[in-house]
Every structure is written in C-alpha cells, then in structure tokens.
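**Q** I am attaching a structure below and will ask some questions about it afterwards.
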Amino acid sequence: MQTGSVGAANASISSSNTASTKKTVLSSDFETFLKMLTTQMQNQDPLNPLDTTEYATQLATFSSVEQQVLTNDLLKELTGVIGGNQFQELAGWIGKQALSDAPVFYGGAPIVLRPEYASGAESARLVVRDAGGSEVQTLTLDMSDPVIAWVGVDDLGDPLPSGVYSFQIESLSGSGVIGRSDAQVYNPIIEVRQQNGEVMLTLSDGSEIRASDVTALRSGIA
C-alpha cells in the first residue's frame, strides 16, 4: 500500500484546489469591477463626463491590489514551508542541552552553569533551591571561571536527592548583595513542538521556552 504517494497526491490536489479557488475569487472580483466600471460609464453625466485618466487610475489601483493579494498568499505559503523546515531541524535538538535560566532536573549527573555577575561585583555565591523553593545549599563561586559544574552533593559529600532544582547567582560587594539573577544553566531538551507558529522546547523540569530564546546549545553528554 503506497500511503506516502497517496498522501503526496492528496496534498498536491489540496494545494491545487486552494490555488484554483483563489484565482476564481480574484477573477470574480475583477469581473465585478469591470461591470461596475461599465455601469459607471453608462450612467455618467453627459454634460460632465468622467475623465478617461480616472478610469485608468481605478483599473490600475484594482490591478495593484490584485497583485498584492497574490504576493501576500505566496509569502504566507513560503513562511509555512520555512517554519516546517525549521521545526524538522530543531527536532534534532532533543537530547541536547539548551542554555536557559529555567530550573533543571537533577538525577545524579553534574549540572553545568554559565554564571553572569552584576557590574561592580567583588565576589559571588550560588544559591541552590529545591522544587518547593527551599534553600538547600549556598556555595562560594570563583568569578574567574566562566563555566561551573554543580555536582549535587551536600556539605558532607553525600548526594542530594533527585529532583528539580533552581539556581540563583548573588553578586556581592564587600559583604552586601548588589544583585541577584537566575543562573544560566544547560538544561536537557526532552521535546520540541509547534505552538501558534512558534517552535517551543520542553526542558527537563517540564517548563517550556521558545527556541528563539536559546543562546547556546551543547551535547547532552555531561
């Protein structure tokens, strides 16, 4: 059974029918315009006839609108094709890690972060919270390291339970906090889907971000 061929044929027929419908509508509108123009000529005031250049202008205006409609339809179809291709390409992102400030599911493997600090910060620390928002750990950061790894162990070296964790960077000047920001974390992508013309990525904690918001991507290998 050649399902693929039948599907392609149906798609072709559907596209052909759509194009035919648009041409029929435009043709109908154009004929209506000509009828109106003819009626206008027949009923004009013979003592004050309409200038022929005005007729030409009306005809040119209608033709311009007709071409614009066709152009808009073509652009819409082209956008749909591009969007479909982008979706297929982004499907290959599943299993990779996207850089975002969303919470991350921790299952034993180190979580990689790319911290950013407030201007004027002299030191910084990482605040780790569980899914309920309770603080479970605070770590001093080395600001010279552009990338850090959170290994998921407590102060005694025992592993923390699996679950969703969020990370916040606190920038300090002296002993005072001068800025707090959600940490940029490499988060595994578990699903790619389309919604209202946008490609959405579902992350390990179940949250979603737009594919266009991803600033970095890396292999899913920890």
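**Q** With the condition kept exactly as written, say whether any residue in the range 192-199 is part of a loop (DSSP other than H, G, I, E, B), of a type in the set (S, T, N, Q) and without any contact (Cβ under 8 Å) to a residue 24 or more places away in the chain.
**A** yes
**Q** Here's a follow-up. Pairs under 9 Å by beta carbon, first residue at negative phi and among the aliphatic types (A, V, I, L, M) in the range 114-125, partner in a loop (DSSP other than H, G, I, E, B) and open to solvent by 50 Å² or more (accessible area, probe 1.4 Å), six or more apart or different chains?
**A** Going by the 9 Å Cβ cut-off, the qualifying pairs are 121/143; 124/117; 124/142; 124/143.
**Q** Quick one: count up the residues across the range 187-203 that are under 19 Å from residue 131 (Cβ atoms) and open to solvent by less than 30 Å² (accessible area, probe 1.4 Å).
**A** Summing the residues that are under 19 Å from residue 131 (Cβ atoms) and open to solvent by less than 30 Å² (accessible area, probe 1.4 Å) in the range 187-203 gives 3.
**Q** Give the range 204-217 a look and list any residue that's out of contact with any Leu (no Cβ under 8 Å at 6 or more places or on another chain) and loosely packed, with under 14 Cβ neighbours inside 10 Å, or say none.
**A** Passing the criteria: 206, 212, 213.
Yes or no, residue by residue, for (1) assigned to a loop (DSSP other than H, G, I, E, B); (2) of a type in the set (Ser, Thr, Tyr):
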| position | (1), (2) |
| --- | --- |
| 139 | no, no |
| 143 | yes, no |
| 156 | yes, no |
| 165 | no, yes |
| 172 | no, no |
| 178 | no, no |
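**Q** I need the full set of residues from the range 111-163 which are closer than 21 Å to residue 216 by Cβ, in contact with an Asp or Glu (Cβ under 7 Å, 6 or more places away or on another chain) and open to solvent by 30 Å² or more (accessible area, probe 1.4 Å), in order please.
**A** Across the range 111-163, there are no qualifying residues.
The values are calculated or read from the model by the stated rules, or taken from the named source; none is laboratory data. As the structure is a prediction and not an experimental result, all values here were calculated from the model. Note that we place each Cβ from the backbone using ideal geometry, even for glycine, and neighbour counts take in every protein chain shown. SASA here: full protein model, heavy atoms, side chains in, ligands and nucleic acids out. Shrake-Rupley method; radii C 1.70, N 1.55, O 1.52, S 1.80 Å.
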